[in-house]
Structures are given as structure tokens and as C-alpha cells.
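Reading through the C-alpha cells given below for one structure.
The values are calculated or read from the model by the stated rules, or taken from the named source; none is laboratory data. Just so we're clear, the structure is a prediction, and the values are computed from it rather than from any experiment. With ideal geometry, Cβ positions are generated from the backbone for all residues, glycine too; neighbour counts draw on all protein chains shown.
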Amino acid sequence: MAKKSAQTPMMQQYNDLKAQYPDAFLFFRLGDFYELFNEDAIEASKILEITLTSRNKNADNPIPMCGVPHHSAKDYIRKLVEEGHKVAICEQLEDPKLTKGMVKRDVIRVVTPGTILEDEALVGKENNYLASFVYEAGQYYIAYVDVSTGEIRLTTTANQDLFINELRAIEASEIVLNQTLDENFKTQLKQQITSYFTEFNPTEPLSIKPWTLKDATSAEEKVLTFLFQYLMSVQKQLNDFVQPVERYEISDFLQMNHYTKSQLELTKSLRTQRKKGSLLWLLDKTKTAMGGRLLQRWLDKPLLSQSALEVRHQKVEILKNAYFERLELVDYLANVYDLERLVTKISMGHANARDLDQLRYSLSQIGPINQVLSVIQQSLTVPVFDLLPSFDELYTLIDSQLVEEPPISVTEGELIRDQVSQDLDRFRDALRNGHQWLAELQQREREKTGLKTLKVGFNKVFGYYIEISRLQAAQLNDERYERKQTLANNERFITE
């Protein structure tokens, strides 16, 4: 007799979601694990080196499956993305303990090479760009964004060779192609550029434009819109922290093709394709990740403008001569974390308590840095350094409310200081001294009602309750009490 293999409601839910994301590994949340099924499970088990098992082993066609613990999922997601794959993260949107029937689930985010935000997957002193382009009225318009820092850049050229060279020089982790693009041109790009390519056909208009670009042309708006439509489709939200668009001319910088850059070993060793052994490795004495990324951009795009070069050299010379002040700046900058990525994580809701602590510590260095720059500029006829904006109020707010050594996860609690919120203090007191609080509540209610056998109890249906015998309940005269449950010998009440 043939074994039955009817599709369960849960597998129907999985298959419906998987159909929406056919080009991604679907991490399907089941309790404390993310599960993968069918072809996803077979392929992921090989890449991640985890055990492949099966669901419904006694059926005619058992369903291949594998899983990873939710608390360590970041490492597995990072590995898949580094291998050039997308990961769709499907979460439970309801508490299974409080839900009858199938738990509602949905994909809350799609992680791709160009949109990943996890620190473990990012190199501190390197940008992680997501790029796209449009061809309009004989011009190629290129836009690219580092989602982790909020930086956006845009340029244009009519020359196809320059366009391809620039797109390749960006070294984007991911390039988004419009599905309507000519197939031969897609093939040409994929043969010449080693980035991860994804095809996208926008179906939803943008509700807001998060970028700022003065005097934008319709073509510039078009390429930015396309890029952010893709971002919205995978992140399910748009970053509140986006820096103003930096528009630049390709002709302002020295043009070098990929072969020339490789031979010069500007940012990577020719032999190992790593930073060590390159000119960047030799020069990079920067103390912050932001400074490291800026230095790499300077080496990638050498200036052609003599006046711009002279301004840069003037600043270097001033700092070189201010020996003791420079040493102070080095010390202060060494205590500054990656503010661009910290602010992005916070604005996207991905920050943990340690991120807030790093933000607090970084903000505390701004005042001393500005003081040193002011001292340096006292001897100058014209100031050449822009002082950093003051965030004293924000620092004071964070420092007055965040504990000295916060836990890594916000779910651990004990993140906010005592006496910041009366409500929080009251809840904490109940948590820390719950048994004592309940005993005191029970005694107060006994005294108010005169019922010496009154008890305070708890169940999962309606939480805490007051239980009285049915005989005593008939004598109860208290408008605060609302009957919730009748048992054989007792009545259960709640109060407002």
C-alpha cells in the first residue's frame, strides 16, 4: 500500500513563501531553529557543512531538510552571502504559545552581498557597495550606495568603455541589473566584472525618496529610484540615515584601467589579492575605520586638479608640523568607533546595547578633537579644518540613561539605569522581588476583604488572578473584583 505524502499546512506555508523568493535560501523559523527544505536544504548543507536529514521519513518522498540554531544564524547567513547567495529570513510573527492553528510567518529581510549589515561580514576599512545604472539619452548613469554607512555616489559618462571601467573600479559587492536590459549587454558586463549580479524588475513605487541631491536630472532620479526600489524589496524598510548624494565627474580623477591598477598594487597585492603588500597597506596608519575607507578611495581615485591637491597637501603639512597636537589627535581618534556604521545600524533597528555604548564613547571624543583642531588653527591666517558638529546633548542623554557596562543583547535587560523611568523601576522591582510583591498583595487583599483564605495565583490564559472559595465569594462585596472563572469549589477574579 502506498504511503501518504499529503502536504501539511506548514509545508504549504513554506512553499508559498519560497515561491516568492526562488533565488534565495529561505531560512524558515521553527521555534529555536531556522529550517531549510528541499533543494535549499541539499545545497545549504554542503556549503555550511551541516547534517542533511529529512521530514516525513516514512512517506514515499521524504522532504530533505537541515537547520541552524537561531542564536548562531548570523554566522551561517554570512557564509552563504560570502559564497554569493541571497538569504531570505522568515520569522514567526505571532507567539506560538498564544496562537491557535498555524503561526503567521513572513520574510522580514533578504540578505544579499550588497545589503548585508552584520559586522562579522564587513571589513572595517572597506566599503561594501551596492551599484546600479541606467542608460538614458546616450548617457550611462551609475549610482552606488554603501548600505552600512549611508554613503551614496553618482556619476555619468557617454563612453561605454569608461562606463564599464568605472563600474568595475567601484568593486561593488552586488550590481543590480534591470530585467529589461539587453541580454547580450548583460553577458558582456558579467564577463568583464567579477561582482555578484542580480536582476530586478521594480513593481512597487517608492513612498519616499530618502536621498538628497541638488538640481537632480530626471535620469539621476531614475537610477536612484531604481536602486532604492531594490533596497526596499530586500530590506522591507528604507534607511533613515542616508548621506547626501555625492555627485562626481569621472574626468576629475586619473583614469586607470583594471590591469594598470593591479600592476601598481595600489590597494591589493598582485600575488595574494589582499591588502598586505600593497601601497595602501604601507600608507595606512589611520586610527578609524572611516579614515581607512577614505584613504582607500583617495588611492583608488587620484585627483587631477592641482588646486584640490594643493589644499590636501596644505592640510597634511599643517598637521605634520603640529607634532604634539597631532599626537593628541591620534590618541583621541583611536577611541572613535565606526560612527557611520553605528548610526546606520541604529536607524535600521539592528543595533545592540554594545553599539549604543560605542556610540556614547565615540561622541565623548568630539569635544577634545575640536579643542585640538582649534589650537592648531590659532596660528593660521585662515582656518582650514572644519570642526566636528557638537553632539553634547545626545551624549548626555545616552550617558545619563545607559548603564556603564551594558550587556550585548538588548533582550538581556539591565540596559537602562535605575531611576530613569518610574514605570521601569516599578516593573524591575516586581521582577527582582516578585514573590515578595505577590505575598504583600495577597496580604493587602485579605485585609481589605476580610477573607483570610484568599489566594493570588497565575495561569497562562489570563495571567494573575485572585482565588476565593465559592462560599466566601457569595459574601464578597467589592466592585473592584471581576469574575473570570468558576471552578468546582472556587471562584477566580481579576481587578482593574
Looking at the range 426-436, can you tell me whether even one residue there is in contact with a helix residue (DSSP H, G or I) (Cβ under 7 Å, 6 or more places away or on another chain) and over 30 Å from P96 (Cα atoms)? no
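Which residue out of T344, T286 is part of a helix (DSSP H, G or I), surrounded by 13 or more Cβ atoms within 10 Å (Cβ to Cβ) and of a type in the set (S, T, Y)?
Working: T286 fails: part of a helix (DSSP H, G or I).
The conditions single out T344.
Residue-by-condition table, conditions (1) under 21 Å from the mean Cα position of the chain (by Cα); (2) of a type in the set (K, R); (3) outside any helix (DSSP H, G or I):
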{"site": "Q188", "(1), (2), (3)": "no, no, no"}
{"site": "E204", "(1), (2), (3)": "no, no, yes"}
{"site": "A216", "(1), (2), (3)": "no, no, yes"}
{"site": "K222", "(1), (2), (3)": "no, yes, no"}
{"site": "S233", "(1), (2), (3)": "yes, no, no"}
{"site": "Q237", "(1), (2), (3)": "yes, no, yes"}
{"site": "V242", "(1), (2), (3)": "yes, no, yes"}
{"site": "R271", "(1), (2), (3)": "no, yes, yes"}
{"site": "G277", "(1), (2), (3)": "no, no, yes"}
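Taking the condition of being assigned to a loop (DSSP other than H, G, I, E, B) and surrounded by fewer than 15 Cβ atoms within 10 Å (Cβ to Cβ), how many residues in the range 244-254 meet it? Give the derivation first.
First pass over the range 244-254, keeping only residues assigned to a loop (DSSP other than H, G, I, E, B): 244-245, 248-249, 254.
Next, only the ones that are surrounded by fewer than 15 Cβ atoms within 10 Å (Cβ to Cβ) stay: 244, 248-249, 254.
Residues that pass the stated criteria total 4.
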Whichever residue in the range 398-412 is aliphatic (A, V, I, L, M) and surrounded by 13 or more Cβ atoms within 10 Å (Cβ to Cβ) and, among such residues, is nearest to the chain's Cα centre (by Cα): V410
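Based on what the data block shows, is F185 free of Cβ contacts under 8 Å to residues at least 60 places away in the same chain and either crowded, with 21+ Cβ neighbours inside 10 Å or under 30 Å from L30 (Cα atoms) (or both)? Steps first, answer last, please.
Values: free of Cβ contacts under 8 Å to residues at least 60 places away in the same chain: yes; either crowded, with 21+ Cβ neighbours inside 10 Å or under 30 Å from L30 (Cα atoms) (or both): no.
Criteria not met by F185.
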Mind checking whether some residue in the range 473-491 is surrounded by 14 or more Cβ atoms within 10 Å (Cβ to Cβ), over 30 Å from H350 (Cβ atoms), out of contact with any His (no Cβ under 9 Å at 6 or more places or on another chain) and small (G, A, S)? yes
Exception for V456 within (1) outside the structural domain of V343 (by the TED database); (2) at pLDDT below 90; (3) among the aliphatic types (A, V, I, L, M) falls at (2)
Q371 is checked against (1) modelled with pLDDT under 95; (2) assigned to a helix (DSSP H, G or I); (3) assigned by the TED database to the domain that holds E393 and fails just one. What number does that condition carry? (1)
Testing D386 on (1) farther than 20 Å from V336 by Cα; (2) part of a loop (DSSP other than H, G, I, E, B), one condition comes back false. Which one is that? (1)
Take the residues of the range 307-341 that are over 24 Å from the mean Cα position of the chain (by Cα) and among the hydroxyl-bearing types (S, T, Y): which is surrounded by the most Cβ atoms within 10 Å (Cβ to Cβ)? Y332
Selection status of D32, within 19 Å of the chain's Cα centre (by Cα), among the acidic types (D, E) and not assigned by the TED database to the domain that holds E199: no
